[in-house]
Amino acid sequence: MEIETKVHIGSENDIIEARERGRTIGKIVGFHPVDQTIIATAISEIARNILFFANQGMMSFEVINEGNRRGILIVAQDAGPGIPDISMAMQDGYSTSRGLGLGLPGVRRLMDEFQVISISGKGTTVTMKKWVAEYD
Amino acid sequence: MEVPILKQSPHLITTIQAALTDADLIRLQDALVEQVGRYRSKGVIIDVTALDVMDSFATRTLRSIAHMIKLRGAETVICGIQPEVAFAMVQLGLTLEGISTALDLEEGLALLNQ
């Protein structure tokens, strides 16, 4: 099955599109339904950040293999204003927008690997991975 | 997408049937807050059984709706949060503290009619 692995984020509908794409790919990779929901929720949060802070951006999804592990790699890129203080933005309770003060730290808890690179005035790239867990 | 609101006197019942955009959620909020006064409703049930993702915006909006309904003199029950959705919400740090929840519509109605 061929899946379009990039979703342009430029409207609220794109947020829904992105998380549904992530869920579909998660299912194919073999994620447990709980983890499919976790991935979709993380995508929703990050896509919303793109829309609020940068107006638009791109999210891409990739199936990854490492040894005998399988997972999903999600990269979110925008050319927005960037995050002035990432270490502060990663603290629970900090928020600059309409957030609950747990945007990025919350998403980091959902995923196995989470990295934010932001350059002031140039944009932000969020890279996150989740590996298929064995529920036995 | 318009979310239908059913009048089941003295309550309002709304069932979210598909993923909603932020704008849809805000429209639902405005409609509920207005109709609770128009129909002098005592309770509002928001059935989210069909929602497969509850992110921070959706959670915050549902919480706002419940608080506004409370200020308008009625009670809100949110029902049908799916197990995997509940799991993801807790991981993300989202809560519906102070807001009544129920397993499904039947339990939600029972709670309002107590």
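Evaluated over the Cα positions of chain A, the convex hull gives a direction-averaged projected area, one quarter of its surface, of 8.4 nm². In terms of packing, defined here as the mean over residues of other Cβ atoms within 10 angstrom, the peptides B:31-43, A:71-83 line up highest first as A:71-83, B:31-43. From its DSSP helices (H runs of at least four residues, each -39,500 (n - 2.57)), chain A gives a residue-normalised ellipticity at 222 nm of -10500 deg cm²/dmol. For residue B:105 and residue B:21, the difference between the fully extended length at 0.36 nm per residue and the C-alpha to C-alpha distance is 27.9 nm. Angle of helix B:22-38 to the longest C-alpha principal axis of chain B, folded into 0 to 90 degrees and rounded to 10: 20°. Every helix of 4 or more DSSP H residues in chain B counts as -39500 (n - 2.57), and over all residues that averages to -14000 deg cm²/dmol at 222 nm. GNM remark for chain A: springs join alpha carbons under 10 Å apart, and the peak mean-square fluctuation among A:26, A:67, A:106 falls on A:67. Count of lysine pairs in the protein assembly as shown with Cα atoms under 19 Å apart, counting only pairs 8 or more residues apart in sequence or on different chains? Going through the protein assembly as shown pair by pair, I get 8. Based on the Stokes-Einstein relation at 25 °C and a viscosity of 0.890 mPa s, and on the Kirkwood radius from alpha carbon pairs, the protein assembly as shown is assigned a translational diffusion coefficient of 129 µm²/s. For the range B:5-84 versus the range A:20-83, the inter-centroid distance based on Cα atoms is 28 Å. For the protein assembly as shown, the antiparallel share of DSSP beta bridges with both residues in that region comes to about 70%. Remark: the range B:5-112 carries a charge dipole of roughly 580 debye about the Cα centre, counting +1 on each Lys and Arg Cβ and -1 on each Asp and Glu Cβ. Maximal additional length on extending the residue A:62-residue A:132 stretch stands at 23.8 nm, based on 0.36 nm per residue less the C-alpha distance. Working from label points 7 Å from Cα in the Cα-to-Cβ sense, the residue A:13 to residue B:39 distance is 2.9 nm. For the range B:5-112, the antiparallel share of DSSP beta bridges with both residues in that region comes to about 25%.
Considering only A:9, A:89, A:111, the residue lying farthest towards the positive end of the dipole of the range A:6-131 is A:111, judged by Cα position with unit charges set on Cβ.
Quick note: the coordinates plus some simple rules give every number you see, no bench work behind them. Source: prediction; values computed, not measured. Glycine gets a Cβ as well: all are built from the backbone with ideal geometry, and neighbour counts include every protein chain shown.
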